[in-house]
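Inspection log for the structure reproduced underneath, given as C-alpha cells.
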Amino acid sequence: MSNQPERDDEPQPQNADAAMIERARRKYGAVGAVVASSMLGIERVLGRKPKDEEPAVWEASGEPGDIDNDGITIDVDDETQVVSNPTARRRTRRVVKRRPNGD
C-alpha cells in the first residue's frame, strides 16, 4: 500500500475514469487500480448511468405536522385514501444485569 502524498509534477489524467483509477493507484497501489478499473468496466457493461434529476421542492403555508404523533391521511383520488396511524408510544425497557454476590 502506498501512502505517498500527491505531487504537482505528476501528469494529471484528462477524464474522470482515468482520474479515479489514478487516485486508487496512488492510495492503494496496483491492486487498487485493478479493482477501480474492474468496477468501471462492470459499470460500462451494465450500462447504468446516473440520472441528473433536480430535487423536488414544494412550498407550504405553515410548519410541517408531526406525523409520528398525529398520523397522516393522504387522498390519492376520489375513491382512495391512505391513512397512517400514529405510532404508539412505547416505554423503553431498561435491562439491568445483576452480578452475583461473592458472599
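The values are calculated or read from the model by the stated rules, or taken from the named source; none is laboratory data. What you see is a predicted model, and the numbers here were worked out from it, not measured in a lab. Quick reminder, even Gly has a Cβ in these numbers, built from the backbone with ideal geometry, and neighbours come from all protein chains shown.
Miscellaneous remarks
- Selection count, the range 43-87, where residues are aliphatic (A, V, I, L, M) and either in contact with a Phe, Trp or Tyr (Cβ under 8 Å, 6 or more places away or on another chain) or surrounded by 10 or more Cβ atoms within 10 Å (Cβ to Cβ) (or both): 2
- Index of the failed condition, residue 20 passing every other in (1) touching a strand residue (DSSP E or B) at 6+ places or on another chain (Cβ under 7 Å); (2) surrounded by 11 or more Cβ atoms within 10 Å (Cβ to Cβ); (3) not polar (S, T, N, Q): (1)
- In the range 43-76, the residues that are within 30 Å of residue 16 (Cα to Cα), of a type outside the set (A, V, I, L, M, F, W, C) and in a loop (DSSP other than H, G, I, E, B): 47, 48, 49, 50, 51, 52, 53, 54, 55
- Residue 83 being over 30 Å from residue 24 (Cβ atoms), of a type in the set (A, V, I, L, M) and either modelled with pLDDT of 85 or more or not in a loop (DSSP other than H, G, I, E, B) (or both): yes
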